[in-house]
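Novice: Mind looking over this structure? Questions follow.
The values are calculated or read from the model by the stated rules, or taken from the named source; none is laboratory data. Quick caveat, the model's predicted, so the values are computed rather than measured. Neighbour counts run over all protein chains shown; Cβ positions are idealised from the backbone, glycine included. Accessible surface areas use protein heavy atoms only, side chains included; no ligands, DNA or RNA. Shrake-Rupley method; radii C 1.70, N 1.55, O 1.52, S 1.80 Å.
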Amino acid sequence: MVVIQRVRVVWRQDERGAAHADLRRGVPEVLHLPDALPDGPVVVHEIVADSADGYRLSERVLSGDRAAANVALELTPAEGGVTVRTTQTHAAYPYDQPRRLFTVPAGQVALYRANFRVCGCTCATRWWYEDWTVRVANAPARPGLFTERAPQQIADHRVHLYGGHARRRTT
């Protein structure tokens, strides 16, 4: 069984300042899975925290053939595990081509981090931003699957979204 949890944080162009950044930092990056999950080879637990709702968590559970595609992932069986690839997103930046993230062996957990600047339709151009934290387990579902286990593999594809150069860290 493959279990995916995506936490997606969404905010608008005028909410880029410190006040909203503090609110976004308060959104958990991982949650317990719901007690009752559907049976199936792939189950997705999606959590959305949108600034329009005061970053209140909204959850849904998906299963079936297209469950992973609904969170922009593609799963392929591989020897000893499952290979995870991204699919095309609707992001304006970074323009993200589908790519291989990792192969998750049986019993392990992996983590994918990404952020995007998204543009609405050309008739009413409005920017918004998304930050994704996606955990993928090749293991049976249980409530503490992601909260009690550290990922063995990490693919961090976050970029500086607001233009300019990323801040440099000094020691």
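Novice: Going through the range 48-83 one residue at a time, which ones are free of Cβ contacts under 8 Å to residues at least 24 places away in the same chain and open to solvent by 80 Å² or more (accessible area, probe 1.4 Å)?
Specialist: Answer for the range 48-83, where residues must be free of Cβ contacts under 8 Å to residues at least 24 places away in the same chain and open to solvent by 80 Å² or more (accessible area, probe 1.4 Å): Asp53, Arg56, Arg60, Asp65, Arg66, Pro77, Glu79.
Novice: From the list His45, His32, exactly one residue is surrounded by 14 or more Cβ atoms within 10 Å (Cβ to Cβ) and out of contact with any strand residue (DSSP E or B) (no Cβ under 9 Å at 6 or more places or on another chain). Which is it?
Specialist: His32
Every residue, every condition in (1) part of a helix (DSSP H, G or I); (2) of a type in the set (Val, Ile, Thr); (3) at pLDDT below 95, yes or no:
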{"site": "Val7", "(1), (2), (3)": "no, yes, no"}
{"site": "Asp14", "(1), (2), (3)": "yes, no, yes"}
{"site": "Arg24", "(1), (2), (3)": "yes, no, yes"}
{"site": "Asp35", "(1), (2), (3)": "no, no, yes"}
{"site": "Arg60", "(1), (2), (3)": "no, no, no"}
{"site": "Glu74", "(1), (2), (3)": "no, no, no"}
{"site": "Thr103", "(1), (2), (3)": "no, yes, no"}
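Novice: Go through the range 38-58 and give me each residue that's outside any loop (DSSP other than H, G, I, E, B), in contact with a Leu (Cβ under 9 Å, 6 or more places away or on another chain) and among the hydroxyl-bearing types (Ser, Thr, Tyr).
Specialist: Ser51 - this is the single residue of the range 38-58 that is outside any loop (DSSP other than H, G, I, E, B), in contact with a Leu (Cβ under 9 Å, 6 or more places away or on another chain) and among the hydroxyl-bearing types (Ser, Thr, Tyr).
Novice: Moving to a separate point now. Within the range 87-101, can you find the residues that are without any contact (Cβ under 8 Å) to a residue 40 or more places away in the chain and open to solvent by less than 80 Å² (accessible area, probe 1.4 Å)?
Specialist: Correct list: Thr87, Thr89, Ala91, Ala92, Pro98.
Novice: If you go through the range 153-166 one residue at a time, do you hit one that is surrounded by 16 or more Cβ atoms within 10 Å (Cβ to Cβ) and modelled with pLDDT of 95 or more?
Specialist: So far as the range 153-166 goes, yes, one or more of its residues are surrounded by 16 or more Cβ atoms within 10 Å (Cβ to Cβ) and modelled with pLDDT of 95 or more.
Novice: Looking at (1) at pLDDT 95 or above; (2) in contact with a Lys or Arg (Cβ under 9 Å, 6 or more places away or on another chain); (3) surrounded by fewer than 15 Cβ atoms within 10 Å (Cβ to Cβ), which is the one condition that is false for Gly107?
Specialist: (2)
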